Every structure is written in structure tokens, then in C-alpha cells.
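Below is one structure, written out as C-alpha cells; comments come after it.
The values are calculated or read from the model by the stated rules, or taken from the named source; none is laboratory data. Since the structure is predicted, the reported quantities are computational estimates derived from the model, not experimental observations. Backbone-built Cβ (ideal geometry, glycine too); neighbour counts: all protein chains shown. Remember, those area values only see protein heavy atoms, side chains included, never the ligands or the DNA or RNA. Shrake-Rupley method; radii C 1.70, N 1.55, O 1.52, S 1.80 Å.
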Amino acid sequence: MAWTTELISTRAESRSLGTLPSGEVIVDQTVPARAPWSGVIRATTLLSIVDLGGNQAVDCLLYNAHDTAERYSAPDTIAAQRSIFLTTGSVLRSCEGNPLMTVIADQCGRHDTIGGACSKESNTLRYGHHTKHQHACVENFLAEGARWGLGKRDLVSNINWYMNVPIEPDGTLGIVDGISRPGLTVTLRAEVDTLVLISNCPQINNPCNGFDPTAVRIVVTAPDPASM
């Protein structure tokens with residue numbers, strides 16, 4: 001995909017940043033429950049995701065904005081950091097092994113890399129055919145990705161911010177109540193111009209959203225030069 005001049009637009013509103021990083025606020029937007037979001041985060045710019053209601057999974061995909069064939073790779077990220085969980089200091093690497101974004105602050109403690117994204121197909125398999133009509137993260141990714149020329153073949157294993165997926169004693173994955181709470185924030189620094197796709201997870205059949213999806217807040221900040 002060719003580089004596009006469409007970038008995140010500046011918002012005029014002034015809101016309290018609380019525990020968010022200092023600097024010029026470029027975007028401060030609430031993403032409704034079940035909704036998608038996307039934008040290009042320029043290199044060195046900070047992306048903060050705030051769990052407004054607590055216990056809300058936020059599915060996320062990353063792409064090099066100049067060449068979307070280079071995209072987030074769960075295997076490369078896990079292998080490089082030797083952990084399946086993300087937290088402060090975790091480097092989110094591409095399929096080329098290059099850093100796309102780095103977690104520079106995390107109030108939650110850990111985030112999932114292996115639980116994947118819900119879809120109509122997986123809902124049907126796990127929870128029954130009566131769930132087939134339910135909206136899911138894959139549909140959010142497809143709808144939002146289409147704005148950037150991305151399709152189903154461009155979807156890869158995603159990050160699940162705030163989702164609690166422990167490894168059980170028998171080696172299986174658990175999808176259990178989250179460890180987040182209202183107002184917790186994770187902040188990422190873009191190492192290159194990065195296209196970010198987000199699905200504010202609509203899942204209601206397991207505890208990843210406390211069976212009640214809620215809104216999240218997206219804040220994009222140009223870092224304070226004094227802190228660099």
C-alpha cells in the first residue's frame with residue numbers, strides 16, 4: 001500500500017490528561033463499546049489506551065505505515081522478549097524483526113499476545129450457532145482495515161491489551177476475568193510511522209470484557225521535548 005497523507009487529525013478539545021504523558025495532545029477520543037478505531041501514529045509520538053470502565057479487552061494490529069506488508073508479528077515479539085505477556089519495556093516487533101512500537105508505561109501489569117481475535121466463526125464454534133449474528137473483532141478489523149487498503153489476508157495474530165489469558169497448569173489457555181480496573185492506561189511510543197488498527201472488543205460470551213463491553217479512550221501525544 002502506498003503511503004497516504006491521511007494522518008490522525010488534531011482535536012481542539014482540551015481535556016485533563018491525568019496519568020497520561022505530558023506534551024501536545026494530538027487526539028483525545030472516546031471509542032464506544034464494540035467499535036473500531038484506526039490512525040497513523042508518527043515516529044516518536046505516544047499512543048495511550050485508557051480502560052475507562054475496567055476489564056475491557058482492546059484488540060490491536062500494527063503495520064509499518066509506509067509498507068503495510070511489514071506488520072506486527074507475535075512470534076518475533078515473543079521470541080525477542082522471551083515472554084508471552086507485554087508490559088513496560090516490551091518492544092512490539094514486525095515480521096522483519098524491526099521495532100514498530102515500544103510499551104513505555106503500563107499501569108495494568110501485563111497484556112495478552114496469544115488469545116487472538118474473536119470472530120463470527122469462532123463464536124459459533126465455541127458458544128453455539130445462536131451467536132453467529134454477533135459482531136466480533138475480526139469484523140471490526142476488516143471494516144477499519146478497508147479504509148487503508150487492507151483485507152482479510154492482512155490480518156495476523158493480534159495484541160489484546162488488558163485481556164487476561166493465563167496459562168493453566170495443564171497447558172491450556174484461560175480466558176478469565178481481567179486484572180485491569182477503571183482508568184488504567186498503557187502508553188506506547190511509535191518507533192516508526194505506524195498504522196494502528198483497534199477493535200474495542202465486542203465479545204459478550206466470555207469474561208474478557210466482564211460480559212459487558214465498555215468504551216475506551218485513545219490519546220495521541222507529541223512528546224514533550226524536555227522529556228526526550
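Quick one: compute the contact order of the stretch 114-164, relative version, from alpha carbon pairs under 8 angstrom and 6+ residues apart, as a percent. Working shown, then result.
Working: 41 pairs, mean separation 21.4, N = 51.
Here the relative contact order equals 42 percent.
I'd like the Karplus ³J(HN,Hα) series for the stretch 65-70: coefficients 6.51, -1.76, 1.60, θ = phi - 60°, whole numbers in Hz, and an x wherever there's a Gly or Pro.
Residue by residue, the stretch 65-70 yields 5, 8, 7, 6, 5, 8 Hz.
Roughly how many debye, to the nearest 20, is the charge dipole of the chain about its Cα centre, given +1 on each Lys and Arg Cβ, -1 on each Asp and Glu Cβ, and no other charges?
In debye, rounded to 20, the chain gives about 280.
To the nearest 500 deg cm²/dmol, what mean residue ellipticity at 222 nm is calculated for the chain from DSSP H runs of n ≥ 4 alone, each contributing -39,500 (n - 2.57), summed and divided by the residues?
Mean residue ellipticity, 222 nm, calculated: -3000 deg cm²/dmol.
Test of understanding: given the chain, find the longest segment containing no chymotrypsin sites (Phe, Trp or Tyr not before Pro) that are in a DSSP loop and have at most 13 other Cβ atoms within 10 Å.
Numbers: sites that count: 3, 211.
Answer - 4-210.
How far is it, in nm, from the label point at residue 156 to the one at residue 24 when both lie 7 Å from their Cα along the line to the Cβ?
The two pseudo-label positions are separated by 3.2 nm.
Using a 1.4 angstrom probe, figure out how much accessible area the stretch 36-152 has per residue, in square angstrom, rounded to the nearest whole. Kindly include the intermediate steps, with their values, before the conclusion.
Working: 4680 Å² over 117 residues.
On a per-residue basis, 40 Å².
Eigenvalues of the Cα gyration tensor times 5, then square-rooted: what semi-axes does that give for the chain, in whole angstrom, largest first?
So the three semi-axes of the chain are 26, 19, 18 Å.
Under the 0.36 nm per residue contour assumption, what length would be gained going from the current alpha-carbon distance of residue 168 and residue 215 to full extension? Each step should come with its number before you reach the end.
On the way: separation 47, 0.36 × 47 = 16.92 nm, distance 2.92 nm.
This chain segment gains 14.0 nm when fully extended.
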